[in-house]
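Presented below is the structure to which this report refers.
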């Protein structure tokens, strides 16, 4: 085994250990965990809603880039051998009639309410954060050890069937002289949200106060830094709310599914 | 209107004129027509098959990158205002029980057999051919005025529901000292097949004779040129055959839908 293979094996081991810890009940945001391994947003819906959702994702690919879809009733994925999607995320949200009903660290009981749950794993901007850090660009919420700030924007997604809603965006403050580079680096990962959707001018996105995110934590913005916004995989949860979806299970924002797939897989 | 706007307007006008000619019965391959405008593969299926197909596309994104999905029963698309997907392609194939039943230049009658046809428009490698030509790389089938050669490969696609089949590939001969550049240029268009799936060694793809393509026309291969293979949007037709799909309408290979969307839209 050469040095590169050893590093890859160590990263997969870190991903598996993290999943095992979450399965055993540990609850914590996943930013910065198992660096270099792709993390994913999760939404599971009864089969009756699967086509509408897959179409919604196809029509809104910046916000909802689909990395894998499980067969109906199966809690497994090709992205991580042996993983159980009902237990291996740190925190889940159970949605009923478009409303957040509860947060749980084990979704097994909720999953069992329907025998035909279809699970969608959706790309996460965490994938390009390692590349940003490697370029020497500070990723604030990792540095400060908190969750990334996310906001419901005023941008409508293109509807599909019974689903409609607004785009949710994540925000990272970037020094003005590194913004172009951050846009370029993230743009090389189109299947995990890609380039920013908006740079500066948060009011134009309908965001009144950057210090009051709708999901996650507020972060420091230093003088000379510009807020940079990326489409966010929490967008499906906004659609669940806006559309009054009868039943859904999602990850809790920032508490992602850690896969066995290296970030480099999604680099073009 | 400045020079760039005039050029864009001229390209859209060329796309509309081509669609109008096809609507009026003209039959011809579309390679090299309306340069700079995105062309798309088409497959239309009854709604009952739509989820399986959308999932098949998601699981095989190199071969089946979905650019748009029409609502059930609607022959329109956001990719070209005013276009009618039943008539605006030069040539269609009607499939029954997995077999090619007929080729027609107007699919209106076949379309009317089901009231809930869902139409998928899938990215086409023609999109990056303009970029290849701009880099001074000869695109042989355009130079020689014929259809691109396409082959059924031995690579299985990942199945989805009732759908399975092999990947179809298109081939362009490229001088050995330009192959890396051709890979790089096409790789910047990931949503229209992206980088090659295979370079050289056609036997390894299960292709015995490059001069006998399964679809399209054979092309000259000059000394010093290497056959370069890209995933091809005819792959859905191979799935229709392999899976015995009861009813489908597709474009005829090489006879694409010309959209009003500039190729640059799909550049990352």
Task: Euclidean distance between Cα centres, the stretch B:196-268 to the stretch A:180-214, Å - done: 36 Å
Open item on the list: From the C-alpha coordinates alone, can you work out the Kirkwood hydrodynamic radius of the stretch A:115-187, in Å?
Closed with: 14.7 Å
- [ ] Give the shape of chain A as rounded, prolate or oblate, defined through the alpha-carbon gyration tensor: a ≥ b ≥ c are the square roots of its eigenvalues, a/c under 1.5 means rounded, and otherwise the shape is prolate if a/b is larger than b/c and oblate if not.
- [x] oblate
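Just from its helices, what would the mean residue ellipticity at 222 nm be for chain B, if runs of 4 or more DSSP H residues each count -39500 (n - 2.57) and the sum is divided by every residue, rounded to the nearest 500 deg cm²/dmol?
Working: 7 runs with 66 residues, N = 268.
Helix contribution divided over all residues of chain B: -7000 deg cm²/dmol.
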- [ ] Using the 7 Å Cα-to-Cβ label point, sort the distances from residue B:98 to its equivalents in the other copies shortest first and give them in nm to one decimal.
- [x] 4.4
Open item on the list: For B:148, B:226, A:66, which order do you get if you count the other beta carbons within 10 Å of each Cβ and list the fewest first?
Closed with: B:226, A:66, B:148
Open item on the list: Can you tell me, using C-alpha contacts under 8 Å and at least 6 residues apart, the relative contact order of the stretch B:1-115 as a whole percent?
Closed with: 26 percent
- [ ] Answer rounded, prolate or oblate for the stretch B:47-127, using the Cα gyration tensor with square roots of eigenvalues a ≥ b ≥ c: rounded when a/c is under 1.5, else prolate when a/b is larger than b/c, else oblate.
- [x] rounded
Task: Contact order relative to length of the stretch A:75-227, as percent, for alpha carbon pairs under 8 angstrom and 6 or more apart - done: 21 percent
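Quick check on the exposure proxy: order B:4, A:12 from fewest to most C-beta atoms within 10 angstrom. The partial results should precede the final answer.
Numbers: B:4 8, A:12 19.
Fewest to most other Cβ atoms nearby, the residues stand as B:4, A:12.
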Open item on the list: I'm checking a number: the convex hull volume of the Cα atoms of the protein assembly as shown, normalised per residue, in Å³. What is it?
Closed with: 162 Å³
Task: Candidates A:109, A:57, A:218: whichever shows maximal mean-square fluctuation once chain A is modelled as a Gaussian network with Cα springs under 10 Å - done: A:109
Task: Three-way shape call for the stretch A:126-235 based on the alpha-carbon gyration tensor, with the a/c threshold at 1.5 - done: prolate
TODO: Among B:15, B:195, B:156, determine the one that fluctuates most according to a GNM of chain B built with springs between C-alpha atoms less than 10 Å apart.
DONE: B:156
- [ ] For chain A, set up a Gaussian network in which alpha carbons nearer than 10 Å are linked by springs, and say which option among A:83, A:63, A:72 fluctuates the most.
- [x] A:72
Task: Label spacing, shortest first and in nm, from residue B:212 to its equivalents in the remaining copies (7 angstrom along Cα→Cβ) - done: 7.2
- [ ] Consider just the alpha-carbon atoms of the stretch B:1-147 and return their Rg together with their Dmax, both in angstrom.
- [x] 16.3, 52
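Neighbouring Cβ atoms within 10 Å as the yardstick, rank A:1, A:241, B:37 fewest first.
Details: A:1 8, A:241 17, B:37 24.
Going from sparsest to densest Cβ surroundings: A:1, A:241, B:37.
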TODO: Would you tell me the mean number of C-beta atoms belonging to other protein chains that fall within 10 Å of each C-beta in B:39-51, as a whole number?
DONE: 1
Open item on the list: With an 8 Å Cα cut-off and a minimum separation of 6 or more residues, compute the relative contact order for chain A in percent.
Closed with: 31 percent
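Read the figures in this text as sums done on the coordinates, not as results from a lab. Only a predicted model underlies this, so the values are computations on that prediction, with no experimental measurement involved. Positions of Cβ are generated from backbone atoms using ideal geometry, with glycine treated the same way; all protein chains shown enter the neighbour counts.
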